[in-house]
Amino acid sequence: MRVLLQQDIPSLGKAGEIKEVKDGYARNYLIPRKLATFATQSAIERTQHDSRKATECRREKQTALQDLAKTIQKTALRFKRKATPDGRLYGGIHVQDIVMSLRDKNIEIVKEAVHLPEALKTIGSHTVELRLPHGIDAVLKVEITAIE
């Protein structure tokens, strides 16, 4: 019997594939658990249509994220903080500070995208790496000056 897999099954195949299986395996295991459906022409066409739509949606998201990365790379954040005479900040610039400053510039990102191993604690110019979904990376410039 030919079935259209709805989910990945390690011993059988990936979702969207058409496989030939024994009748009992299909009727008693795959179809009741909604792991597969009968491989009718309409089911195959619907799966292909859904696959095309998903690919198109993924491509649109990736394009939007690439545009966001370009915008981030053009952006420079400036912070003024109290500092010691030797240039160390009393506090620090943390991930949340960066996310809020970007939000003020109408750039929405989640804090998990900011790759900052530890807070920025010195005056000067810093670069912060942002890891966006779909493997897109961006570099953000951060300038920290002391309050006089």
Run down Arg81, Arg103, Arg88 and say which single residue is charged (D, E, K, R), surrounded by 14 or more Cβ atoms within 10 Å (Cβ to Cβ) and under 30 Å from Val139 (Cα atoms).
Arg81
Can you pull out every residue in region 106-148 that is hydroxyl-bearing (Ser, Thr, Tyr) and either over 27 Å from Thr84 (Cβ atoms) or crowded, with 17+ Cβ neighbours inside 10 Å (or both)?
none
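Laboratory data are not the source of any read-out in this text; all were calculated from the coordinates shown. Predicted model only: the values in this text are computed from it and were never measured. Don't worry about glycine lacking a Cβ; one is built from the backbone with ideal geometry, like all the others, and counts go over all protein chains shown.
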